Structure formats: C-alpha cells, structure tokens
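Structure first, then comments.
The values are calculated or read from the model by the stated rules, or taken from the named source; none is laboratory data. Keep in mind that this is a model prediction, so the values were computed, not measured. Counting neighbours? That spans all protein chains shown, and the Cβs are built from the backbone with ideal geometry, glycine included. In case anyone asks, the SASA skips ligands and DNA or RNA and just uses the protein heavy atoms, side chains included. Shrake-Rupley method; radii C 1.70, N 1.55, O 1.52, S 1.80 Å.
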Amino acid sequence: MISTTVELRTVEGTQAAMGWAGGHTIVVDRPEGKAGGLGLGFNGAQLLALAIGRCFCNDLRYVAEEMGVELGKIIVSVTVNLEGKPLLAISATMTVSCETLDGSDPRKVIDKAKAITAVSNSLRQGVPVAIEMADADGRA
C-alpha cells in the first residue's frame, strides 16, 4: 500500500488554511463573504476538480511514456456539479484533448489513462472517509 498525507493549518489573521505536502503548498478558502471567507484560495469543489484533472494529466504522461508516444499540448477541463443540503458532489465531467507529436490519434493514450487514473476511479468506486478527533496537539 502507498500512503500520502497532507497537512492544513489556519493562515494567521484569516480564516483560510494553508495546505502542504512536502515542499508544496496551496491556500484553501471559501468565496469572499461566505462563512468568513476572503477568497484567498481554492474551495473544496475546485480542489476536487483539480485533483481529478491533474491526476488524469499525470496519467496521460505515464501512459504515453509507457507506450513510447510523445505528447505535446494537453488540455483538460473538469466540471464538478454540487447539489443538496449538505452540498455534495453529485457528478463530474472531464473533457480531454491532447496532441501526439507524431500526429497519431491520441485516443489509445486517453483510453489507457482513463483505465488507470487513481482519483476518478477511486471516486467511481466510492472511497471510505474516516473523520477522527485529534488531541490538543493535533495528533490523531
């Protein structure tokens, strides 16, 4: 099994959070005026869409390398639809375009990436999420 952990902490003087994994950081916030949000960073739905899309972009590159195909430009658009109370993601649609440098049809690369992409396939299967209370020092 492979595990990854990210950390999030409140950004001093705001109600936004800074998230990090290793040396990479991102700001997470709500839209300005919503529950103290200042619009300083991505909201949850945007992060979900980014996770779906970026994972697929990476998988396109992995598959292309494995197949010996060089890719040029990749364009991915992800729309996450939310509904209800509480607000839940009810669907996501990803549109993909990529070019091969040799001019061949990229459909085989896209189809193979679709079969192995971790985030989309995990969501399709339903991922159990446990929420546990941490102690005063933030440890589980």
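Per-structure values
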{"read-out": "Residue identified as modelled with pLDDT of 95 or more and within 19 Å of the chain's Cα centre (by Cα) among 67, 18", "value": "18"}
{"read-out": "Residue among 94, 18 that alone is in contact (Cβ under 8 Å) with a residue 12 or more places away in the chain, of a type outside the set (Phe, Trp, Tyr) and in a strand (DSSP E or B)", "value": "94"}
{"read-out": "Index of the failed condition, residue 127 passing every other in (1) at pLDDT below 95; (2) in a helix (DSSP H, G or I)", "value": "(2)"}
{"read-out": "Test: residue 113 is touching a residue at least 24 places away in the same chain (Cβ under 8 Å), within 28 Å of residue 11 (Cα to Cα) and either in a helix (DSSP H, G or I) or not aliphatic (A, V, I, L, M) (or both)", "value": "no"}
{"read-out": "Candidates 78, 119 - the one that is farther than 21 Å from residue 19 by Cα and of a type outside the set (S, T, N, Q)", "value": "78"}
{"read-out": "Residue count for region 6-47, restricted to those that are acidic (Asp, Glu) and surrounded by 16 or more Cβ atoms within 10 Å (Cβ to Cβ)", "value": "1"}
{"read-out": "In region 100-134, the residues that are surrounded by 10 or more Cβ atoms within 10 Å (Cβ to Cβ) and closer than 23 Å to residue 43 by Cα", "value": "117, 118, 119, 120, 121, 122, 123, 124"}
{"read-out": "Any pair with Cβ under 6 angstrom, 6 or more apart, that starts in region 55-67 at a residue that is under 12 Å from residue 98 (Cβ atoms) and β-branched (Val, Ile, Thr) and ends at one that is assigned to a helix (DSSP H, G or I) and open to solvent by 20 Å² or more (accessible area, probe 1.4 Å)", "value": "63/112"}
{"read-out": "Condition check for residue 61: assigned to a helix (DSSP H, G or I) and out of contact with any Pro (no Cβ under 9 Å at 6 or more places or on another chain)", "value": "yes"}
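Residues checked against (1) open to solvent by 90 Å² or more (accessible area, probe 1.4 Å); (2) farther than 23 Å from residue 42 by Cα:
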residue: 70; (1), (2): yes, yes
residue: 73; (1), (2): yes, yes
residue: 82; (1), (2): no, no
residue: 89; (1), (2): no, no
residue: 98; (1), (2): no, yes
